[in-house]
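Peer 1: Structure incoming, see below.
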Amino acid sequence: FESVVDQGSTFWMRLPLADEMTGAITLDEAADSSPPVNTMARISEGEHLILYVEDNPANLRLMERLIEQIPDVELISAHNAELGVELAESRQPDVIIMDIHLPGMNGFDALKILQEKDETSHIPVIALSAAALKPDVEKGMKAGFLDYLTKPIVVNELIDAVNRGISLNDKAGGKQNSSVA
């Protein structure tokens, strides 16, 4: 803390980004330090495009920092579901990571639209949400998400889910990104 007489005091604390027991990374500290990414974690071979639909800037910064450490992967983002659907149609990502609680349209409604459109129905969508109760996860899986991951992020679980999504997209004949810039 810092304190100046007759002016006030400032208090702060630092919390660790990773829980060594679970490998979970908190989102609140994303801007202050780099998350420790397992250097063995890799995305499937080739260049890939991931769309992250997330309205929280700290969560987005954390995902950007995670993905920038993985070779041959580009991350694009949307701050709401409506823009996410548009980007999915125009950019044809290999995988979409979707928050559930978004302003305007929620992640479930966006998933339904993506599933109904010929241009996007082949793109696997992974839910990533703070809603972590068993009924939340069950609802997400029943809705058709490839996986339902909860916050805080467990990096290896995220990488595994993305790899499953890429593999499914490849098998479904999804667009191969020939150049990722």
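Peer 1: Calculate how large, on average over all directions, the projected area of the Cα convex hull of region 89-181 is; give the answer in nm² to one decimal.
Peer 2: On the way: hull surface 26.3 nm².
One quarter of the hull surface, i.e. the mean projection, equals 6.6 nm².
Peer 1: So, R0 is 25 Å and r is the distance between the beta-carbons of GLU157 and GLN115; what FRET efficiency does that work out to, to 0.05? Can you show the working numbers first?
Peer 2: On the way: r = 23 Å, r/R0 = 0.92.
That pair, GLU157 with GLN115, gives E of 0.60.
Peer 1: Taking the Cβ-Cβ separation of ASP136 and PHE11 as r and a Förster radius of 30 Å, what is the calculated FRET efficiency to the nearest 0.05?
Peer 2: After rounding, the FRET efficiency stands at 0.30.
Peer 1: On the protein heavy atoms, probe 1.4 angstrom, tell me the percent of accessible surface of region 52-138 carried by carbon and sulfur.
Peer 2: Percent of accessible area from carbon and sulfur atoms in region 52-138: 50.
Peer 1: Which whole-Hz couplings ³J(HN,Hα) result when phi for each residue of region 83-98 is put into the Karplus expression 6.51 cos²θ - 1.76 cosθ + 1.60, θ = phi - 60°, listed in order with x for Gly and Pro?
Peer 2: 5, x, 4, 4, 5, 4, 5, 7, 9, 6, x, 6, 8, 10, 10, 10
Peer 1: Related question: Using modelled amide H (1.01 Å from N, peptide plane; none on Pro or chain starts), what sits under 5 Å from the amide H of TYR52, excluding residues fewer than 5 places away?
Peer 2: ILE76, SER77, ALA78, ILE97
Peer 1: Using the heavy atoms of the protein chains and a 1.4 angstrom probe, tell me the accessible area per residue for region 90-161 in square angstrom.
Peer 2: Heavy-atom accessible area per residue stands at 46 Å².
The values are calculated or read from the model by the stated rules, or taken from the named source; none is laboratory data. Computed from a predicted structure; not experimentally measured. Note that we place each Cβ from the backbone using ideal geometry, even for glycine, and neighbour counts take in every protein chain shown. When the accessible area is computed, the model is the full protein with side chains, heavy atoms only, and any ligands, DNA or RNA have been set aside. Shrake-Rupley method; radii C 1.70, N 1.55, O 1.52, S 1.80 Å.
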